[in-house]
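Notes follow the structure.
The values are calculated or read from the model by the stated rules, or taken from the named source; none is laboratory data. Note that the structure is a prediction, hence the values are computed from the model and not measured. Cβ atoms come from the backbone with ideal geometry, glycine included; neighbour counts cover every protein chain shown.
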Amino acid sequence: MQRLVDNALAVTKESVKTFTYESLNNIARLINGVSAILLTVLPGKTNILEGVQGWELRPTFRGPRFPRWMENGVSSFNQLIHELSVDSDTSSIDYSSGEDDLDGICPASPSSHGSRTSRTSSFIKRDWHWTDWMAYIFSWILLPARFLLGIPLLLLRLFNIRGSKAYSDPASPRPINFHSFRKAYATKDHVVHRTTDRRRGVIEDLHLAIEIFIEAIFDLFHKAAHCVLSPSEAFRVFLRWFSSPSTFKDDDDALNASVSTTTLGDNDPALTERNLTLYHPLNTDARTCRDVITELGYPYEAIHVITADGYVLLLERIPRRDARKAVYLQHGILDSSMGWVSNGVVGSPAFAAFDKGYDVFLGNFRGLVSREHVQKNISSRQYWRYSINEHGTEDIPAMIEKIHEVKTAELKISQPDEETNDEQPYKLCAISHSLGGAGMLMYVITRRIEEKPHRLSRLILLSPAGFHDDSTVVFTMVEYLFVLLAPFLAIFVPAFYIPTRFFRMLLNKLARDFHNYPAVGGLVQTLMSYVVGGDSSNWVGVLGLPHYNMNDMPGVSFRVAHHLAQLKRTGKFRMYDYGSASANMQVYGSPEPLDLGEYYSLIDIPVDLVAGRKDRVIQPSMVKKHYKLMKESGVEVSYSEFEYAHLDFTFSHHEELLAYVMSRLLLVEPAPKRQSSPKALRLKKKGQANS
C-alpha cells in the first residue's frame, strides 16, 4: 500500500509540475507573441534601429544582445593568466551566517559602487530624513508586486530545495540546514555562471518558486501518508525527536556530513580560487569594474578620493607605474567606470589605452545609491544636494589631483636620480562622454579662472553635454514640465533613483527577461528609442550591465536634472542658477551664473570633439556649437562625426571610433626624461673614473 501511495503521489506531482511549467511557458510565449505583433505594426522602427552593428533587431525579432564578455563569462584574452589567478579573499567569505535577509545573502564585494567603503557602516548611524521615509512608503505601496516577486526567496528560506529526496529516509529528524545548502548552492551556481553567465530572470524565478512549492506540498502529503500507513515507524521518529541532546547532535553531525559530500568539490582548488561574491543565490550579476579588469588578466588598483565637500569617490586604475603618459576616462550621466571596460579587451577604450602603454585611470562621479560620504549619517536630502557644478569643480579636481600625486611619487621612485622641480613629469589626457564632457570643460575653465594648473595635455570629448537647445520633442516637453514643477519637486524629490535593493534586483532580472524573450526585448528597445527621439542605442543591453545591480546603482540628483533643464531653456552652457540674484551673487559674484561659453578662450590645450549622427540625446548640432565657439576663441579644436547613437561611444564595439580615439591620444608625446642634476652627473662621472 505504501508503494502504491508513493507511486500515485509521484505521478500526480510530476503531472502538476508539468502542467504548471507548460502553463507558465505558454503565458511567456503569449507575451512574447503579442510583443512581436506590436513590434511588427509599430511605425518607424526600421529608421530607428537600422545599421547598429552587433545587436540590431532582425526580421526574426531577435532582441538586442548583451556584450560578448557578459555572454561567455570571460574573454579569451590572457586566458592562461585568468586560469592561474588566485583570489585570496575567497576564504574569508562566510555563507553560514544567521542572516536570512537580502543583505545577508549577497556578501559585500570590493565594488566600484556600494561596497567601496563599508556600506553597512554608512547606514548604521544614519538619521532618517523625511525623504527616506517617502522612499520607504513608496516601497510599501508596491508591496503586492514585492510579495509576488519575492516568492522565490521566501520559499528558499522555508523549504529545502532538494525536495522529496531529502526526506526519503523517514528517520530523518529534521530537514537539512539551509545555510549549509546555501553554501553548496552558491558555489555551484557561481561555477556554472563563470562559463555561461546564465542569470535568471523574473519568469525563471517564478518557475523555480512554483517548483519548490509543489515539491514542498507533495512532500507534506508523502509524510502524512507515511504516518497513516506506518504508525509504528512514525512513532519511532516521534520518539527520536525527543531523544537526548547527544543523540540529536549526532544526527545533526551525520546530516551535515552528508551535505558536505554532495557539495561541489570542497577540496577542489579550481573552486577555491574563484571569487564567490560575483554572483549570489538570487542569480543577479554583481560583478564590478574590478572584477571585469582582473578576470581579463589586467592589473587593477583602487584609489579612494575624498572631495573638498566630503564625498568619497572611487578612482580605479589599470596601472603602468613607470609610464610617462596617462589617460583619465570620465563617464557620463547614469553611468560608471564600467562603461569604459564593458566591451572586453577588443572593444574598450580603457584596455586599448593600456595596451598602447598608458597608465589608465577610471573616474567615478558622486551620485550612487550607497551615498558614500565622510559623514556616515548624512541624509538623502543632504547627499543629493549638488548639480553639474560639483562634478566639474569638486569631483574632477579631486581625482586629477590624486592622479598627479600618485604619478609624481611613482616616477620619483622609478627615476630617483632625476632633478626635482615643479615641471609635470608625465602627460595626462582626458577622455569624457556626455555629462563627463561638460564637467571636464567646466573643470578646465574654472581652474584657469582661479589660476590653478589643470594638469591636462589634451581633451577628447565624446558627444559632450553643455548645449541642449536643439533636442527632441519629448525632451522639450520634459524640460518645460520640469522647470514648471521644479519648486514643488525640490521639496519632495532629492534625486531620481531606485530606492530599495529589491526593486534594483527586479530591474536587473527584467533586463535578463528582455534578452531571453527577444520580441519583448525588441519592443522595450523600440519604445525606449521613441522616448529619446529615435536614438538607437542598446538601451536593453545597458540595463543588464552589472553596475545596474541590487547593491548599488547610479542615480541623478534633482539639481543635476534641473541644471540640464536650465541649459536647454537658456540655450547657453552656464553654471547652475540658484534661482535668485542674491544667491548667485554669493556664489559667483554676479547676479547671473557664469557663462562658460564666453570663457572658451581660456582653454589652452587641444580639444577633439566627437558627435554621433544618430545621437538624439545630444544632437550633432549641439556638439558643433561647442566647436564653433572654440574655433572663434582660438582654441586648437577638431570635430568628427560617426554613425553612432549616444551610448555607442561607450557600450558598443566600434573599431573605427576606437582607432580614432587612440590616434588622438598618440598625438601627445610622453613627457621627456629630464636631465640629471649637476650633482648626479658629477657622481656618475666619478663612478666611471673609479671604474
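The residues in region 548-580 that are of a type in the set (A, V, I, L, M, F, W, C) and over 21 Å from residue 491 (Cα atoms) can be counted, and the count is 5.
Is it the case, given these coordinates, that residue 519 is more than 25 Å from residue 619 (Cβ to Cβ), buried (at least 20 other Cβ atoms within 10 Å of the Cβ), outside the structural domain of residue 641 (by TED's automatic domain parsing) and at pLDDT 90 or above? So residue 519 fails the test.
Considering region 379-393, and only residues there that are surrounded by fewer than 21 Cβ atoms within 10 Å (Cβ to Cβ) and of a type outside the set (S, T, N, Q), the residue that is modelled with the lowest pLDDT turns out to be 381.
Looking across 438, 490, 511, one residue alone is under 21 Å from residue 566 (Cβ atoms) and touching a Gly at 6+ places or on another chain (Cβ under 7 Å). It is 438. When we screen 559, 613 for residues that are out of contact with any Gly (no Cβ under 7 Å at 6 or more places or on another chain), in contact (Cβ under 8 Å) with a residue 12 or more places away in the chain and farther than 28 Å from residue 632 by Cα, the only hit is 559. Considering each residue of region 487-494 in turn, at least one proves to be modelled with pLDDT of 85 or more, outside the structural domain of residue 206 (by TED's automatic domain parsing), surrounded by 22 or more Cβ atoms within 10 Å (Cβ to Cβ) and farther than 12 Å from residue 32 by Cβ. Tallying residues that are closer than 17 Å to residue 337 by Cα and out of contact with any helix residue (DSSP H, G or I) (no Cβ under 7 Å at 6 or more places or on another chain) within region 367-394 yields 3. Within region 16-31, being loosely packed, with under 11 Cβ neighbours inside 10 Å and hydroxyl-bearing (Ser, Thr, Tyr) holds for one residue alone: 18. Candidates 476, 393: the one that is touching a Ser or Thr at 6+ places or on another chain (Cβ under 9 Å), closer than 27 Å to residue 639 by Cβ and assigned to a helix (DSSP H, G or I) is 393. Restricting region 287-308 to residues that are assigned to a loop (DSSP other than H, G, I, E, B) and of a type in the set (Ser, Thr, Tyr) leaves a set whose member that is nearest to the chain's Cα centre (by Cα) is 288.
The set of residues in region 334-363 being closer than 17 Å to residue 462 by Cα and among the acidic types (Asp, Glu) consists of 335 alone. In region 309-340, of all residues being assigned to a loop (DSSP other than H, G, I, E, B) and within 26 Å of residue 411 (Cα to Cα), the one that is nearest to the chain's Cα centre (by Cα) corresponds to 319.
If you go through region 603-622 and keep only what is surrounded by fewer than 16 Cβ atoms within 10 Å (Cβ to Cβ) and in a helix (DSSP H, G or I), you end up with just 621. When 566, 525 are checked against the criterion of being closer than 22 Å to residue 654 by Cβ and out of contact with any His (no Cβ under 9 Å at 6 or more places or on another chain), a single residue qualifies: 525. For region 557-570, the set of residues classified as assigned to a helix (DSSP H, G or I) and under 30 Å from the mean Cα position of the chain (by Cα) consists of 558, 559, 560, 561, 562, 563, 564, 565, 566, 567, 568, listed by residue number. Of 505, 528, all but one fail to be touching a residue at least 24 places away in the same chain (Cβ under 8 Å), assigned to a helix (DSSP H, G or I) and closer than 20 Å to residue 554 by Cβ; the exception is 505. Within region 456-471, the set of residues being under 18 Å from residue 639 (Cα atoms), part of a loop (DSSP other than H, G, I, E, B) and of a type in the set (A, V, I, L, M, F, W, C) comprises 465, 467.
In region 343-363, the count of residues that are among the small types (Gly, Ala, Ser), on the phi > 0 side of the Ramachandran plot and part of a helix (DSSP H, G or I) is one or more. Would it be correct to say that residue 305 is in contact with a Cys (Cβ under 6 Å, 6 or more places away or on another chain) and closer than 23 Å to residue 424 by Cα? Criteria not met by residue 305. Considering 547, 626, the condition of being within 28 Å of residue 652 (Cα to Cα), modelled with pLDDT of 95 or more and buried (at least 22 other Cβ atoms within 10 Å of the Cβ) is satisfied by 626 alone.
For region 571-602, taking the residues that are acidic (Asp, Glu) and part of a loop (DSSP other than H, G, I, E, B), the one that is farthest from residue 480 (Cα to Cα) is identified as 592. Residue selection: residue 374 satisfies the criterion of being over 16 Å from residue 289 (Cα atoms), surrounded by fewer than 20 Cβ atoms within 10 Å (Cβ to Cβ) and among the β-branched types (Val, Ile, Thr).
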